[in-house]
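Here is the structure we will look at.
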Amino acid sequence: MLEVKIPINIPGVEITKTEEDERGNLLISVETTEKSAGCYRCGRTITKRNGSDRELKIRHLPAFGKETYIIYKPHRYICEDCDNNPTTTATPIWHRANSPYTIDYENHILLELVNSTIADVSVKEKITEASIMGILDRGIDSKVDWNLIKRLGVLGIDEISLKKGHKDYITIITSKVDGKIQLLAILKGKKKAVIKVFLRSIPRRLKKTVEAICTDMYDGYINAAKEVFKKHTIVVIDRYHVAKLYRGELDKYRQKILKVLKKELPAHEYKKLKGAMHILRRKNECLTKEDKQVIEELFSHSSELMEAYRLALELTQIFNTHLKRDEAIIKIEEWIRSIRRSKLTCFYKFIKALKKYKQQIVNYFIDRNTSAFVEGLNNKAKVLKRRCYGLYNIKHFFQRLHLDISGYRILLGNSSC
C-alpha cells in the first residue's frame, strides 16, 4: 500500500485514496465535486442526484515514472421536467465521454506524436496504435476550422507526389501571417476545379484578409486564384520557380558546351573543368578563388557560355534589387532585348514563359512575396511521408501535418512556435 498525496492538477475532484496495484501502476481514487449536469434531453441544468454510474478507470499522466490511473464513479442526475424523468451522467471537464484517457493524457500523446510516428509512440506509452488513432481523431481536426482564424495574409499553393515517380499528387494550401504558417487544406489531385471549390469555401470575412496568393507556373493554380479572387488579390509566381526555369536552361546549355569540349580538348585540359557543373549553380558571391579559376578556364573555351552566365546573373540581380513593379518591367524588357542581341537561343523557352506569366511574375515586386514558406512546408510534408513509410489517407495526412506544424502552439499555448 502506497500512502502519498499527489497533486494531479485535475479540477473538480477530491482524492479519496491512493494505492499501487500488483503491476506497480498508481491508482488514484477520486470523488467528483460538481453539483449539477445538463439534461441530455431538454438541456436544462439539473441538480437532483440519482446515484452513480459504474466505476471508471481512466489513464492519466504518469507520476514517479509509473502508469497512473484515475478511478471514479460519475454522478447521475434526474430531470423532473422531462417525461419519464430521464437521468443524465455528469461528464467532468477533464474527461471525454467514452474515452479511456484523461484529456491531459490525450494531449500528452499528441505532443509525443509531433515529429514522431504512431508506432514509436505506441511502444513508448504501451498503448495500441488504434488507441492513438482514436486520440488523434478526437484531438486534431481533419480540416481547417475557419472560426479559429482571424487573418489569412499570404496564401501559398503547391503540390507534392504521394508516390515517387507517380503522378499521384496532393495540393497543399497554406497561409502565412506575421511569420506563422497555418495549414488550410490538403486536396486530392491538382485540378483547377478542385482548387476553386476550396478557395470558394473560404468565408467572405477571411477572403478580404488575403494579401497575395503565391504559386508556381501551373495554370490550374493561377487560373483558380484569378477566377475566385478576381482583381481583388494579386497572384504572384514565386521567384524561386522563375529562377529555377532560367537556371535550368543555363544548365542545359552548359551540358551541351561541355559535351563538345570533351570531344575537342585533350584529357588533361578537360580535367581542369572538373566541378564546373556545381560551381555554375552556386551564387556568385559564394564562389571561392579555386571555383573562379575553373569558371575562367571554362569561359576561355566558350565565350557564348560566359555570355549566357552573365545574362543569368543579370536577371538574378534584377530580382535582388528593390525595384518598383513598373521599374522591374522596364528592366526585364531590357534583359529580353539583350538576349535577342546576343543571339543566344538557350533562354528562348524561358522568355516564352516569361511573356506568358509576365503579370504574375512582376507582381513579386509589389511586396516581394514568395512561396518560400510553402517550399519549406512541402519538405516537412515529404519528411512526414517518409517517416510514416507512406501516408495515403488525406484526412490523416492533414491531421499529422497540422500536428507537426502547430502541435506545440495548440497544446502548449506557445505563441512562439
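The values are calculated or read from the model by the stated rules, or taken from the named source; none is laboratory data. Because the structure is predicted, anything quoted here is derived from the model rather than measured. Positions of Cβ are generated from backbone atoms using ideal geometry, with glycine treated the same way; all protein chains shown enter the neighbour counts.
Numbers for the structure displayed
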quantity: One residue from ALA63, ALA37 being farther than 21 Å from ASP21 by Cβ and either buried (at least 17 other Cβ atoms within 10 Å of the Cβ) or without any contact (Cβ under 8 Å) to a residue 60 or more places away in the chain (or both); calculated: ALA37
quantity: Hey, ALA224 under 18 Å from ILE172 (Cα atoms) and not β-branched (Val, Ile, Thr) or not; calculated: yes
quantity: Residues that are touching a residue at least 12 places away in the same chain (Cβ under 8 Å) and assigned to a helix (DSSP H, G or I), drawn from the range 194-210; calculated: VAL194, ILE195, LYS196, PHE198, LEU199, ARG200, LEU206, LYS207
quantity: Output for the range 46-103, where each listed residue is of a type in the set (Gly, Ala, Ser) and modelled with pLDDT of 90 or more; calculated: GLY51, SER52, ALA90, SER99
quantity: Enumerated strands (runs of 3 or more DSSP E) restricted to the range 1-73, each holding at least 1 residues that are more than 19 Å from LYS126 (Cα to Cα) and either β-branched (Val, Ile, Thr) or more than 43 Å from the chain's Cα centre (by Cα) (or both); calculated: 13-20, 26-32, 48-52, 66-72
quantity: Top-ranked residue of the range 257-305 - restricted to ones that are among the basic types (Lys, Arg) and at pLDDT 85 or above, ranked as nearest to the chain's Cα centre (by Cα); calculated: LYS259
quantity: Any hit, the range 139-146, residues being under 30 Å from ILE103 (Cβ atoms) and buried (at least 22 other Cβ atoms within 10 Å of the Cβ); calculated: no
quantity: Selected residue [of a type in the set (A, V, I, L, M), part of a helix (DSSP H, G or I) and within 30 Å of ASP145 (Cα to Cα)] from ILE366, ILE318, ILE405, ILE329; calculated: ILE405
quantity: Given (1) crowded, with 16+ Cβ neighbours inside 10 Å; (2) out of contact with any helix residue (DSSP H, G or I) (no Cβ under 9 Å at 6 or more places or on another chain); (3) closer than 30 Å to VAL197 by Cα, index of the condition ILE160 fails; calculated: (2)
quantity: Meets criteria (assigned by TED's automatic domain parsing to the domain that holds ILE181, surrounded by 19 or more Cβ atoms within 10 Å (Cβ to Cβ) and under 21 Å from the mean Cα position of the chain (by Cα)) for ILE234; calculated: no
quantity: Candidates ARG325, ARG340, ARG400 - the one that is touching a residue at least 12 places away in the same chain (Cβ under 8 Å) and not assigned by TED's automatic domain parsing to the domain that holds ILE157; calculated: ARG325
quantity: Some residue of the range 118-126 being more than 14 Å from HIS402 (Cα to Cα), assigned to a strand (DSSP E or B) and touching a residue at least 40 places away in the same chain (Cβ under 8 Å); calculated: no
